[in-house]
Amino acid sequence: VSIGPSGPNDVYLNNLDQFLNKTATENTTKDDTQTLAAMVRSFQNDSRLYFLSGGGSNQHNQLLLNRPNIDSLIQADDAHTRTNFVLPTRRTSKEEDGNSSNNNGPKVIYAGGGHSGMLTKNGKLYLWGWNENLQCAVQKHNVAARDDDQPLPFIEQLKSITVEKAALGFSHTLVVEKQTGKLFAFGNDVRGQVTGRQKVPSSDISVPPVTPEFLQHEKVEIVAAGLFHSAIVTQKDGELITFGCDRFGQSNLPKEEESTTTTTYRRWKPNDARIVGV
């Protein structure tokens, strides 16, 4: 249990719940007191909360400063100084969690062009913010409707993939699966930064999690994402593989006349050595 300025958070929330319920009256059924009481009960029963700090643009709610359901909470486009915010996630069943509360602790924080992410020690990846091209891996029609009983909507974990490491580009995301070392990529593929495909039609640029054809049998040691290009280093040989935008030669792609497939990528490694960072 986290310990804050008022002591252990679970004790504080219990005391706050009792106080709010005691002071609530018929005249306050729709004011902030009842809203706070509902939030406390939700946090106690349904949520696992992570307290984060950040700054910069919140244009796509990548700092989670906008809460449309609660007029009294801050509505902000930008945070020009370091700002604290809460990442609410759904508490899993006791059978699943067991005594693994430490494993639910944060491992890495990520920042993309308009989306953000947090990876826990047990491989849960949470993504939020800009999702126009599915870079948060959430289908738009599957975004849960907000209701009055859930004032801080849950951020759901990435489905079906236990994550070892990840990288966020401007509008795409790369993750490495924990058990297999396999790469999954998703988001904006207009420059081939997700699949390596060239001349992707505009109707097909938003891609759900997929493994590029040329990486189907590769285990990934290192993963990195630039604005519009991607890179991985293989476990076996320490070989660098790059794909995506090559306008300035950043992906070192073969020339068009050299390419014989619809996907374009480049493999490279130094002689008698292996790459250890990218």
**Asked** Between rounded, prolate and oblate, where does segment 216-278 land on the alpha carbon gyration tensor, with a ≥ b ≥ c its root eigenvalues, rounded for a/c under 1.5, else prolate if a/b exceeds b/c?
**Response** prolate
**Request:** Filter the trypsin sites (Lys or Arg not before Pro) in segment 177-278 to those in DSSP coil with at most 16 other Cβ atoms within 10 Å of their Cβ, and list the result.
**Result:** Lys178, Lys199, Lys219, Lys236, Arg247, Lys255, Arg274
**Request:** List the residues whose amide H sits under 5 Å from the amide H of Ala79, counting only those 5 or more places along or on another chain, with H placed 1.01 Å from N in the peptide plane.
**Result:** Gly56, Ser57, Asn58
**Request:** Could you pull out every residue, at least 5 positions away or on a different chain, whose amide H is within less than 5 Å of the one on Ser47? Hs are placed 1.01 Å off N in the peptide plane, and Pro or chain starts have none.
**Result:** Arg91
**Nearest-0.05 FRET efficiency for Asn103 and Asp237, computed from C-beta distance (R0 22 Å)** = 0.10
**Item:** Residue-wise HN-Hα coupling along segment 165-180, computed from phi with Karplus coefficients 6.51, -1.76, 1.60 (Hz; x: Gly, Pro)
**Value:** 7, 8, 8, 10, x, 5, 9, 9, 9, 10, 9, 10, 6, 5, 6, 10
**Fill in**
Heads up, segment 144-238 by the C-alpha gyration tensor (a ≥ b ≥ c square roots of eigenvalues; a/c under 1.5 rounded, else a/b over b/c prolate, else oblate) looks oblate
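Here, each number is a calculation from the coordinates, and none is a lab measurement. Just so it is clear, the structure is predicted and the values come from calculations on it, not from any experiment. Note: ideal-geometry Cβ built from the backbone for every residue, glycine included; neighbour counts use all protein chains shown.
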